[in-house]
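Peer 1: Quick one: the structure is below, and I'll ask about it shortly.
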Amino acid sequence: MASCANESGFDALLRSLVAHRLAVYVGGLAIIALPALLRGALDLDVPATIRTLLVAAALGAMILTYLGERRVADEAANGEQRTQPNAGNRTPEGAASTAEPGYSRRTRTTVAIGLIGLAVGIYVAIEIDTIIGVLFVVGGLLFGQSALREEGNESKQGEEEV
């Protein structure tokens, strides 16, 4: 892994977000729900522009945290692969495979889009319409699940061919 002295500001930000990911995710959802809570509890109406900015900032932080998690996981997996290639990463000829460990970029992107749909659904359920929000949440979950299922089917087909 790269030393901290060679680390860019963006990498440091991602590592910090990943280190505090639970707070980022829970805090992001709390920030998204805050205007509705203020309206219900204190009868304080937050302007639509402020609500939109809060949601955009919370989603941005949550997406950056997710991307940071993927980067850290990829770096760890690539580091392990370089230092200790295992039998699962070997071709029939015995050479180490060059394939990236873990899920494909397409699958990770699809899951990220599903997570965005999930967050948008929560916002819509709180701010606009509960039924439409629930539909977004269910759609986001199904979208992410279908990507993971498709990845599993592709890996099983690859194992059968070997």
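Peer 1: Run the simple label-point estimate for ASP74 and ASP45 please: 7 Å along Cα→C-beta, distance reported in nm.
Peer 2: Each label point is offset 7 Å from its Cα along the Cβ direction, giving 4.6 nm.
Peer 1: In the neighborhood of ILE126, defined by Cβ-to-Cβ distances under 11 Å, what is the net charge if each Lys or Arg adds +1 and each Asp or Glu adds -1? Each step should come with its number before you reach the end.
Peer 2: On the way: positive: ARG39, ARG51; negative: GLU127, ASP129.
Net of charged neighbours comes to 0.
Peer 1: Still on this model: Give me the net charge for the shell around GLU69: Cβ to Cβ below 14 angstrom, other residues only, Lys and Arg +1, Asp and Glu -1. Mind dumping the intermediate values first?
Peer 2: Values: positive: ARG15, ARG21, ARG70, ARG71, ARG108; negative: ASP11, ASP74, GLU75.
With Lys, Arg at +1 and Asp, Glu at -1, the net is +2.
Peer 1: For VAL46, what charge total do you get from the other residues with a beta carbon under 15 Å from its beta carbon, if Lys and Arg give +1 and Asp and Glu give -1? Display every interim value, and only then the final one.
Peer 2: Working: positive: ARG39, ARG51; negative: ASP43, ASP45, GLU127.
That works out to -1.
Peer 1: Please turn the phi angles of region 47-57 into ³J(HN,Hα) values with the Karplus equation 6.51 cos²θ - 1.76 cosθ + 1.60 (θ = phi - 60°), one per residue in order, whole Hz, x for glycine and proline.
Peer 2: Per-residue couplings from phi come out as x, 4, 4, 5, 4, 5, 5, 4, 5, 4, 5 Hz.
FYI, it's all coordinate maths here, none of it is from the lab. Given the structure is predicted, the values throughout are model-derived calculations rather than measurements. Cβ: placed from backbone, ideal geometry, glycine included. Neighbour counts: every protein chain shown.
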